[in-house]
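As structure tokens, the structure follows; a few thoughts come after it.
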Amino acid sequence: LPTVADTIRRLHERGIPVRYLSNNPTRSVIEYLDKLGRLGVPVERGEVVNTLVSTTMWLRANRSDAVVYPIGEEPLLRALEEAGIQISDDPARIDIVLASYDRTFEYRKLQIAFDALWF
């Protein structure tokens, strides 16, 4: 889209909110900022919302004291840590099993999740 950068600039100038949405949990907000920046699209951190942002926001607002077992990739783990959310792989401590896209999924992760949910 050859005019997208100019269009976004005009929206910013007029005070019209802009959001970039993604349901990809394998990319961090920083990665989206970098990509959009390389494309010449003006973007601010608060304008990028993906599943990592919405999940950490929900956890902080609704279960800030919960211990989470995340099944996911590095961007998810990093987002949880940066949000100050407690993480554990000890089934006895886990309050929430958070299952996301995970190309490193293995039986060990499944067993921990099962044990946390069952017991």
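The values are calculated or read from the model by the stated rules, or taken from the named source; none is laboratory data. Note that the structure is a prediction, hence the values are computed from the model and not measured. Every residue, glycine as well, gets a Cβ built from its backbone with ideal geometry; the counts of neighbours run over all protein chains shown. Just the protein is used for accessible areas: all its heavy atoms, side chains included, with ligands, DNA and RNA removed. Shrake-Rupley method; radii C 1.70, N 1.55, O 1.52, S 1.80 Å.
VAL67 meets each of the listed conditions (1) surrounded by 14 or more Cβ atoms within 10 Å (Cβ to Cβ); (2) touching a helix residue (DSSP H, G or I) at 6+ places or on another chain (Cβ under 8 Å); (3) modelled with pLDDT of 95 or more apart from (2).
Would you kindly identify the helices (runs of 4 or more DSSP H) lying entirely within region 1-116 that contain at least 3 residues that are under 21 Å from the mean Cα position of the chain (by Cα)?
Values: elements: 4-13, 29-38, 51-62, 74-82.
So the answer is 29-38, 51-62, 74-82.
Can you find a residue in region 79-86 that is at positive phi and modelled with pLDDT of 95 or more?
Yes, region 79-86 contains a residue that is at positive phi and modelled with pLDDT of 95 or more.
In contact with a helix residue (DSSP H, G or I) (Cβ under 8 Å, 6 or more places away or on another chain) and either modelled with pLDDT of 95 or more or among the polar types (S, T, N, Q) (or both): does that describe SER28? Spelling it out, SER28 is indeed in contact with a helix residue (DSSP H, G or I) (Cβ under 8 Å, 6 or more places away or on another chain) and either modelled with pLDDT of 95 or more or among the polar types (S, T, N, Q) (or both). Evaluated against (1) closer than 30 Å to ALA99 by Cα; (2) open to solvent by 100 Å² or more (accessible area, probe 1.4 Å), LEU1 falls short on exactly one condition, (1). Please go through region 94-113 and pick out each residue that is surrounded by fewer than 13 Cβ atoms within 10 Å (Cβ to Cβ) and more than 23 Å from TYR32 (Cα to Cα). Scanning region 94-113 gives GLU106, TYR107, ARG108, LEU110, GLN111.
Looking at ALA99, is it more than 17 Å from GLU31 (Cβ to Cβ), modelled with pLDDT of 95 or more, touching a strand residue (DSSP E or B) at 6+ places or on another chain (Cβ under 8 Å) and not aromatic (Phe, Trp, Tyr)? Answer is yes for this residue.
May I ask you to list the residues in region 16-34 that are touching a residue at least 24 places away in the same chain (Cβ under 8 Å), open to solvent by less than 70 Å² (accessible area, probe 1.4 Å) and not β-branched (Val, Ile, Thr)? Listed by number, the residues that qualify are TYR20, SER22, ASN24, PRO25, SER28.
Residue check: is ASP90 charged (D, E, K, R), closer than 25 Å to PHE119 by Cα and open to solvent by less than 80 Å² (accessible area, probe 1.4 Å)? Here the answer is yes, as ASP90 does meet what is asked.
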